[in-house]
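Everything below concerns the one structure shown next.
Every number here is computed from the coordinates shown, using simple stated rules; none is lab data. It should be emphasised that the depicted structure is a prediction, and the values quoted were computed from it without experimental measurement. Note that each Cβ is placed from the backbone with ideal geometry, even for glycine, and that neighbours are counted across all protein chains shown.
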Amino acid sequence: MWWLLSVAMAASTGDAPLGDPSLWTERADALLAGPPGCWELVGRAVWDHQVGRRGGVEGAAVFVGRLEDGVWSELWVRPDGERSWTARDPGEVSYGDSAHFAPLIGAGRGGSLSVGVSGEGVQVDAQRRGDGDPVNGLRHLLEALEGGVETSDVWRDPAREGVVLHRDLALRRGSAPAVIEAFFPGEATQPAAVDYRFPERMSVNGVPSVVLRGAEVRLRGRVQDGVLLPVAEAVRGTATMLGMELAFAQTVTYLSAVACQAP
């Protein structure tokens, strides 16, 4: 489920100079930021989180969300079923009010985007937790970790028939860099794929501190009427905190995107 095997082809919008990596970086970042304007997205999420041998939770849900200029303003969720298990209890599939996922694209207010479900199994409240500027979790993590040095390269790959943007982001703790790679198919100037690969082991400052291992994020997009829209996203990795190890994996597939109707 994690590996997104297909790449959505973006529309061709003409050539762009390869000698300006910052231009391609800005375009690649647009997929994580979310589309401009107001869009209603329908999607399905699948997750599998395990706390060592102690137990875990796995499940799926469908959702409808409203994304306004890259900020989630509404999110309704209906769980497809979730199983919580422990070392002593294999658990049973429940169709109650649990949904343990959050979209990677776009931003939530108050520093986070949470998904809560009402007693009827449908989210009826926006995801806002407190006030503050909208924040994208992945972008916030990159800003907190980066060491101020970045190397970028752009080239046309004949084998893949498109343009590749490769970025190495030095991290503060002196580990291997984080790598971001974006692919622009054909003559497109909007990305069909953006992948984020973190070092095999990296520390995240905080109380308590967290150690991430093998964390990866993959985003896929498509162009509709000139607008870059999400197709799929996936994240996986392992986090260690206070002696507990959490293996996390989440895949979200966006089934449709429709521009919001004027009131």
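Compute the Cα gyration tensor for the stretch 143-263, then decide on rounded, prolate or oblate, letting a ≥ b ≥ c be the square roots of its eigenvalues: rounded whenever a/c is under 1.5, prolate when a/b is larger than b/c in the other cases, and oblate in all that remain. In terms of gyration-tensor shape, oblate. Each label point was placed 7 Å from the Cα along the Cα-to-Cβ direction; for ARG139 and ALA159 their separation is 3.3 nm. A simple charge model with +1 on the Cβ of Lys and Arg, -1 on the Cβ of Asp and Glu and nothing else charged puts the dipole of the stretch 150-243 at about 420 debye relative to its Cα centre. Averaging the sequence gap over all C-alpha pairs within less than 8 Å and six or more residues apart, then dividing by the number of residues, gives the stretch 154-196 a relative contact order of 31 percent. Across the stretch 226-239, rounded Karplus estimates of 3J(HN,Hα) from the backbone phi angles (6.51 cos²θ - 1.76 cosθ + 1.60, θ = phi - 60°) give x, 10, 7, 10, x, 10, 7, 8, 8, 9, 8, x, 9, 10 Hz, Gly and Pro being marked x.
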